[in-house]
């Protein structure tokens, strides 16, 4: 029996990996390439789907209501903030993700941005580009072993960042409302309240999921609590940080710098002042990226769908539907 799997969107050259996994079990339909652009076209396609694979497409309650026979929604990635997981649960549709495909990549990227600011690399780079040769442009720089790194959101990636920072000699603080001190018994980080972390950390690295509670978590009040010598790193989700508040804090010297892999709106506008701020180092939402990680997430998503369509169980379910 041939099933229909709808891929809502992707940014790959092709879907050869997905097709190699699903084989003759399913026909793959690309919503962006194979379907007309009207709402009715999309609704009809979703209604005929047995499974949906998703990257950035907004799967809201209306989209889920059109899914008559969908048995699983599987997302290429960790966050599921673009999927109405509650609406899917109401329809008994499991939503899955790939929670560990890029642990190494994201933690390394966060640490790279953090160390770039610790060594004032952005300011020195721009100074040399201007034809200068001046140590004072990036001063003061301190030994990393004298610094404190605060990790907000101490899940799998946050723990990797904490462990790597500790291995380089930094003290590590962690803030996570879902953890207790017992959970960090054998971990190098000390668990503290969010406010205390902001006040003590020299570098704050964000690894929280995007939820109603974390949207705008880093606002003017949060930046006012941070040391004026502290730097922020965000490789999680852009809207966790209020971009206007960050810009104001940078310009007022309430914080010293920021390393941003994500922005509230992506891509950010060409005139977004955070893009070329002299104390910001920015990358285009690539913390997750390596060739190996990209292949792993695609293969995992396809294997989850294959299991469900073959009568097996999904894994990495995020909305409690089994």
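Points worth noting:
- Single residue of the range 11-42 satisfying the filter (over 28 Å from residue 293 (Cβ atoms) and surrounded by 15 or more Cβ atoms within 10 Å (Cβ to Cβ)) that is modelled with the highest pLDDT: 42
- Identity of the residue in the range 65-74, modelled with pLDDT of 95 or more and not in a loop (DSSP other than H, G, I, E, B), that ends up nearest to residue 84 (Cα to Cα): 73
- Filtering 259, 243 for residues that are crowded, with 17+ Cβ neighbours inside 10 Å and closer than 18 Å to residue 153 by Cβ leaves a single hit, 259.
- Within the range 109-122, the residues that satisfy the criterion of being at pLDDT 95 or above and under 12 Å from residue 283 (Cβ atoms) are 109, 110, 112, 113, 116.
- Residues in the range 195-211 that are over 16 Å from residue 144 (Cβ atoms) and in contact with a helix residue (DSSP H, G or I) (Cβ under 8 Å, 6 or more places away or on another chain): 195, 198, 199, 206, 207, 208, 210.
- Condition check for residue 257: in the same structural domain as residue 110 (by TED's automatic domain parsing) and in contact with a strand residue (DSSP E or B) (Cβ under 7 Å, 6 or more places away or on another chain): yes
- Taken together, 195, 254 contain a single residue that is over 19 Å from the mean Cα position of the chain (by Cα), touching a residue at least 12 places away in the same chain (Cβ under 8 Å) and surrounded by 15 or more Cβ atoms within 10 Å (Cβ to Cβ), which is 254.
The values are calculated or read from the model by the stated rules, or taken from the named source; none is laboratory data. In this text the structure is predicted, and so the values were computed from the model without any measurement. Cβ atoms come from the backbone with ideal geometry, glycine included; neighbour counts cover every protein chain shown.
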